[in-house]
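Have a look at the structure below, then the notes.
The values are calculated or read from the model by the stated rules, or taken from the named source; none is laboratory data. Note that the structure is predicted; figures quoted are calculated from it, not measured. Every residue, glycine among them, receives a Cβ derived from its backbone with ideal geometry; neighbour counts consider all protein chains shown.
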Amino acid sequence: MTTALLNWRILVGGGIVALLALIALFAPLLAPVDPLEQDLFLELLPPWWQADADPTRALGADSLGRDVLSRLIHAARPALIVAVVAGTLTMLLGTALGLMAGYMGGVVDTLISRMVDIWTSFPAVLLAIMLVALIGTGLHSVIIAIVLIDWTRFCRVVRAETLAQAEMEYIDAAVTGGLRRGAILFREVLPNILPLVIVLLTLEMSIAIIVEAVLSFVGLSVSSDSPTWGGMIAEGRQVIHQAWWVMAFPMGLILIAVLALNLLGDGLKTALDPVLRR
Amino acid sequence: MNRSMLLRRLLQAIPTLFGVSVVVFVLVRVVPGNPIAMMLPPGATAADMERLRVAYGLDGSIVEQYVIWLGQALTGAFGTSISLRQDVLELVLGRLPATLELALFATVLAVTIGVLATMLGSLYRGRWPETLIDTINGFTLAVPDFIWALALILLFGVVLPILPISGRINPRLGTEFLTGFYLLEALLTGRFTVLGDLLRHIIMPSIALALPLAAIITRVLKNSLAEAMVQDYVMIARVKGFSRWRIIWQEALRNAAIPALTLTGVQFTFLVGGTVLVEKIFSYPGIGNMAIDAVTNRDLPLIQGLILCFAVIFITVNLLVDLSYALLNPRLRS
């Protein structure tokens, strides 16, 4: 690996993620037609390369005659919103608790670690479905559910890393230099674990996209008429023998988004780690 | 493993189960909506409501209510499902075998795939099969069971329609089963047509569940196998002239298996969690599919029963993992 901070993983992964973000941002301009517009004459229309396709519906239409391409483009919005907002909030909560547990030790550490153990012993998907059932559906519930469930992912790693950093000589130097605990934590420890946190954030964003898709697949995300990738998959599953493309396209997009984020995370890991970079 | 350790571990499960029961109980209290009002017919008076409240013990304090509820739960009385109008315990127990069969089948599949991939990788260390396996493994680690399930449906249900994409059994074939464990029962009673049909139904959902787990097993097993391969006893086996395959299979793998085995146990709970979604995608009649329907219908008694059922599964599995770890690790055995 070269010393360049930009390796091919970052370029490809980051490029795809940026493209998806742009699509989400400019969805109303990019979508050829209204994603909610129903046209029963176009019901289950095939994509462009098939014989009886309609040129205005490049990726075909679903069982209500809605344009698949426009719905895909608009559905990038909830996916990206959840990825960014839930990812960031999960990172903040998990990192804060991880730093506290790792640096303060004692009762605080025991308490937080115990909570992490209990949290992670329960499968996340099940927990998410239960939580959303409790707090009601909608994008904000999906975000709350992800944050409440997945903070442990950051907390565990940050705690372990903080413990490791606390042993380092530069911390001793800072203590000798008379820096207060809070200052040491934020000015010395945090910058050193930040690369790790950023790598975790990309992974968390891919998980958030999956969770959003899963919850909208089972009908627990945003209301069913506004398009989501998971909702489109659920609709496509019903008509899979007549129109496989209704399910295949959103599935492919989720796969691309998840792989791109993973690739970006891998690339960042090598780029930000001085040992691996060499 | 001595008896006191076993007993201690068993006793440790009780507070956990107690905690879950509290959560399940509180769950129903915080959900908006009055359960009594939902039971009464329209036109009921306030006096009717009060009578029903007393009848269900809802007039006492929250602690009293919990004690009543726990007493009923301990005798298996979880109430009646609102959407299905049947006894919750009966419903859950009726569906449970299907989920257990799916989860166990998937785990066996995951271990098989994981061990085979590891052995192939180690056999061809440094050559292209190892690189190929590593690449596939990296990809498999990133893709969740949800996507695998959908991809399998597209591949083997639509593009190459060779497998059924929903259900557990062809309804024309099997109705006369004594237990809920269809697969096991068909195997034991020698009904091979039925067995074949059951296998054709279970293979796709279980592969979807197995692949992510297989990837994790491969990664861990490969690392511990690489460590084992440089140990002295492997050197001795090499000096004796055993084949590479035999050294891996008979000597190194056994010692490398412990971390992977523990991991499989821990991951099994996640696999059970994964059944919720995979069952939904394949319309497989297990408790996971039922849980999603219960949540969609806001069927609180059923949700309560199902959460408790899942909790009991997870606690049992964690217990078994700890015990098997103690049995496998000689240092913990004494």
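Scanning region A:222-241 for residues that are under 19 Å from A:A24 (Cα atoms) and out of contact with any Pro (no Cβ under 7 Å at 6 or more places or on another chain) returns A:S223, A:S224, A:D225, A:S226, A:G230, A:G231. On the stretch given as region B:135-168, residues that are within 11 Å of chain A (Cβ to nearest Cβ) and not in a helix (DSSP H, G or I) total 5. Within the option set B:I169, B:I202, B:I248, being buried (at least 19 other Cβ atoms within 10 Å of the Cβ) and over 29 Å from B:L120 (Cβ atoms) holds for one residue only, B:I169.
Go through region A:230-261 and give me each residue that's of a type in the set (G, A, S) and at the interface with chain B (Cβ under 7 Å from one of its Cβ atoms).
The first filter runs over region A:230-261 and keeps only residues of a type in the set (G, A, S), leaving A:230-231, A:234, A:236, A:243, A:248, A:252, A:257, A:260.
Listed by number, the list holds a single entry, A:A248.
Scoring A:I118 on the criteria (1) within 14 Å of chain B (Cβ to nearest Cβ); (2) in contact with a Lys or Arg (Cβ under 7 Å, 6 or more places away or on another chain) leaves a single failure, condition (2).
How many residues are in contact with a Leu (Cβ under 7 Å, 6 or more places away or on another chain) and either within 9 Å of chain B (Cβ to nearest Cβ) or among the hydrophobic types (A, V, I, L, M, F, W, C) (or both) when one looks only at region A:210-229?
The first filter runs over region A:210-229 and keeps only residues in contact with a Leu (Cβ under 7 Å, 6 or more places away or on another chain), leaving A:214, A:221-222, A:225, A:229.
Adding the requirement that they be either within 9 Å of chain B (Cβ to nearest Cβ) or among the hydrophobic types (A, V, I, L, M, F, W, C) (or both) leaves A:214, A:222, A:229.
Looking only at that region, the number is 3.
Screening B:G79 with (1) buried (at least 18 other Cβ atoms within 10 Å of the Cβ); (2) touching a residue at least 12 places away in the same chain (Cβ under 8 Å); (3) closer than 30 Å to A:P250 by Cβ gives one miss only, at (3). Do we have B:V272 as among the hydrophobic types (A, V, I, L, M, F, W, C), on the phi < 0 side of the Ramachandran plot and not in a helix (DSSP H, G or I) here? So B:V272 fails the test.
Looking only at region A:158-211, count how many residues are of a type in the set (D, E) and free of Cβ contacts under 8 Å to residues at least 24 places away in the same chain. First the steps, then the outcome.
Of region A:158-211, the ones of a type in the set (D, E) are A:161, A:167, A:169, A:172, A:188, A:204.
Those left that are additionally free of Cβ contacts under 8 Å to residues at least 24 places away in the same chain: A:167, A:169, A:172, A:188.
Count: 4.
The set of residues in region B:269-310 being more than 25 Å from A:R237 (Cα to Cα) and not β-branched (V, I, T) consists of B:L300, B:P301, B:L302, B:Q304, B:G305, B:L306, B:L308, B:C309, B:F310.
Kindly establish whether A:V246 is touching a helix residue (DSSP H, G or I) at 6+ places or on another chain (Cβ under 9 Å), in a helix (DSSP H, G or I), buried (at least 23 other Cβ atoms within 10 Å of the Cβ) and at pLDDT below 90. Show your work before the answer.
Details: touching a helix residue (DSSP H, G or I) at 6+ places or on another chain (Cβ under 9 Å): yes; in a helix (DSSP H, G or I): yes; buried (at least 23 other Cβ atoms within 10 Å of the Cβ): yes; at pLDDT below 90: yes.
Yes.
Listed by position, the helices (runs of 4 or more DSSP H) inside region A:8-123 whose residues that are in contact with a Gly (Cβ under 9 Å, 6 or more places away or on another chain) and surrounded by fewer than 20 Cβ atoms within 10 Å (Cβ to Cβ) number at least 2 are A:8-25, A:106-120.
Residue count for region B:281-294 satisfying the condition of being surrounded by fewer than 24 Cβ atoms within 10 Å (Cβ to Cβ) and in a helix (DSSP H, G or I): 3. Among all residues of region B:247-259, there is none that is among the charged types (D, E, K, R), touching a helix residue (DSSP H, G or I) at 6+ places or on another chain (Cβ under 6 Å) and in contact (Cβ under 8 Å) with a residue 40 or more places away in the chain.
Find the residue count for region A:215-229, including only residues that are surrounded by 21 or more Cβ atoms within 10 Å (Cβ to Cβ) and touching a residue at least 24 places away in the same chain (Cβ under 8 Å).
Kept after step one, since they are surrounded by 21 or more Cβ atoms within 10 Å (Cβ to Cβ), are these residues of region A:215-229: A:215-218, A:220-222, A:227-229.
The next check asks that each one be touching a residue at least 24 places away in the same chain (Cβ under 8 Å); those that pass are A:215-216, A:218, A:220-222, A:227-229.
Of the residues in region A:215-229, 9 are surrounded by 21 or more Cβ atoms within 10 Å (Cβ to Cβ) and touching a residue at least 24 places away in the same chain (Cβ under 8 Å).
In a residue-by-residue description of region B:127-134, the property of being away from every other protein chain (no Cβ under 14 Å), buried (at least 18 other Cβ atoms within 10 Å of the Cβ) and over 19 Å from B:A291 (Cβ atoms) applies to at least one position.
Taking the listed residues B:L263, B:L323, B:L319, B:L306, the one that is at the interface with chain A (Cβ under 10 Å from one of its Cβ atoms), in a helix (DSSP H, G or I) and surrounded by 15 or more Cβ atoms within 10 Å (Cβ to Cβ) is B:L306, with no other qualifying. Checking A:I184, A:I129 one by one, the residue that is crowded, with 16+ Cβ neighbours inside 10 Å, within 14 Å of another protein chain (Cβ to nearest Cβ) and of a type outside the set (K, R) is A:I129 and no other. For the condition more than 14 Å from chain A (Cβ to nearest Cβ) and either crowded, with 21+ Cβ neighbours inside 10 Å or touching a His at 6+ places or on another chain (Cβ under 8 Å) (or both), B:G121 qualifies. Taking the conditions (1) within 18 Å of the chain's Cα centre (by Cα); (2) within 11 Å of chain B (Cβ to nearest Cβ) in turn, A:L264 satisfies each one other than (2).
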